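Report on the structure given below.
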Amino acid sequence: MRFPRHLEADYGPDVIRHALTGRTCRLWSGGALDIPLIAMKDPLKKALQAAMLKSRLRCGFEAVSHKLSNEKAGIAHAREQSDVPQGERISRLILLSNDGAERFYRHVEQLLRSHAPRVLGCLLDADARTLGKLITGKDRQIKLAMAEHKEAVSEILRAIL
């Protein structure tokens, strides 16, 4: 797992990796992917709100899946056109509420596997209503949100650390 460059420069990859692997869980009973389990503390709340204000969060499984598929096609095309090797760093962060159905989490796991290693998934210790209220300020349920800009990813990860 490689993280955004400036985040690695500030903390070092081992510190970040240790913080993210300290508490992990499987998304569903038959899952094979361990993802970080993240406490919803004030620095993280502020980072999520800031990312939303800057329009750097995309919400909903379908919207995120569509965006990642388009990006994957664009990356493949860019690699075909260039001889310059491209690093595989985490550039997208998917944050999940803890109250989704098993079927939802199975689909999320497939999405994470399909777009690895550039997408990191984290399970928040918050339900969809809490996450929706935090991000939108309205009574809305959000089960999945994706930070889709490297600065937002870095700020959210920094808040987790």
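From Cα coordinates alone, what are the radius of gyration and Dmax values for the stretch 30-95 in angstrom?
Over the stretch 30-95's Cα set, Rg and Dmax evaluate to 15.6, 44 Å.
Which of these, Ile135, Ile16, Ile75, has the largest mean-square fluctuation under a Gaussian network model of the chain (Cα springs below 10 Å)?
Residue with maximal mean-square fluctuation among Ile135, Ile16, Ile75: Ile75.
Report, in deg cm²/dmol and to the nearest 500, the calculated mean residue ellipticity at 222 nm for the chain, where each DSSP H run with n ≥ 4 adds -39500 (n - 2.57) and the sum is divided by the residue count.
For the chain, the value works out to -15500 deg cm²/dmol.
Kindly provide the GluC sites (Glu not before Pro) of the stretch 1-110 that DSSP labels as loop, not H, G, I, E or B, and whose Cβ sees at most 15 other Cβ atoms within 10 Å.
Glu88
Identify which of Arg79, Arg113, Arg58 has the largest mean-square fluctuation in a Gaussian network model of the chain, with springs joining Cα atoms closer than 10 Å.
Between Arg79, Arg113, Arg58, it is Arg79 that shows the largest mean-square fluctuation.
Which listed residue (Ala47, Leu161, Pro36) has the Cα farthest towards the positive end of the charge dipole for the chain, taking +1 on Lys and Arg C-beta and -1 on Asp and Glu C-beta about the Cα centre?
It is Ala47.
On a straight-distance basis, which lysines could pair with Lys138 in a cross-link, Cα separation under 28 angstrom, same-chain partners fewer than 8 positions away excluded?
The reachable lysines, counting only those whose Cα sits under 28 Å from Lys138, are Lys41, Lys45, Lys46, Lys54, Lys67, Lys150.
Using 0.36 nm times the number of residues separating Ala19 and Leu161, minus their current alpha carbon distance, what extension gain do you get?
50.5 nm
Which residue, chosen from Ser65, Tyr11, Gly121, occupies the Cα position most advanced towards the positive end of the dipole of the stretch 1-129, where the dipole is computed from +1 (Lys, Arg) and -1 (Asp, Glu) charges on Cβ about the Cα centre?
The listed residue farthest towards the positive side: Ser65.
Considering Cα pairs under 8 angstrom that are at least six residues apart, work out the relative contact order of the chain and quote it in whole percent.
Taking the mean separation of contacting Cα pairs over the length of the chain, I get 33 percent.
Of the beta bridges DSSP finds with both residues in the chain, what % are antiparallel, to the nearest 5?
Restricted to the chain, the bridges split so that about 60 percent are antiparallel.
Please find, in a Gaussian network model of the chain (springs between Cα atoms separated by less than 10 Å), the residue of Asp127, Asp99, Asp14 whose mean-square fluctuation is greatest.
Asp14
Rounded to a whole number of µm²/s, how large is the Stokes-Einstein D of the chain at 25 °C and 0.890 mPa s, given Rh as the Kirkwood radius over C-alpha pairs?
D, rounded to a whole number, is 153 µm²/s.
May I ask you to derive the FRET efficiency for Ser82 and Asp139 from their Cβ-Cβ distance with R0 = 45 Å, giving the value to the nearest 0.05?
The computed FRET efficiency comes out at 0.45.
When the C-alpha atoms of the stretch 95-151 are aligned to their principal axes, what extent does each axis show, in angstrom, from largest down?
Result for the stretch 95-151: principal-axis Cα extents of 32, 31, 15 Å.
Every number here is computed from the coordinates shown, using simple stated rules; none is lab data. In this text, all values refer to a predicted model and were calculated from it rather than measured experimentally. Because the Cβ atoms are built from the backbone with ideal geometry, glycine has one as well, and the counts that use them run over all protein chains shown.
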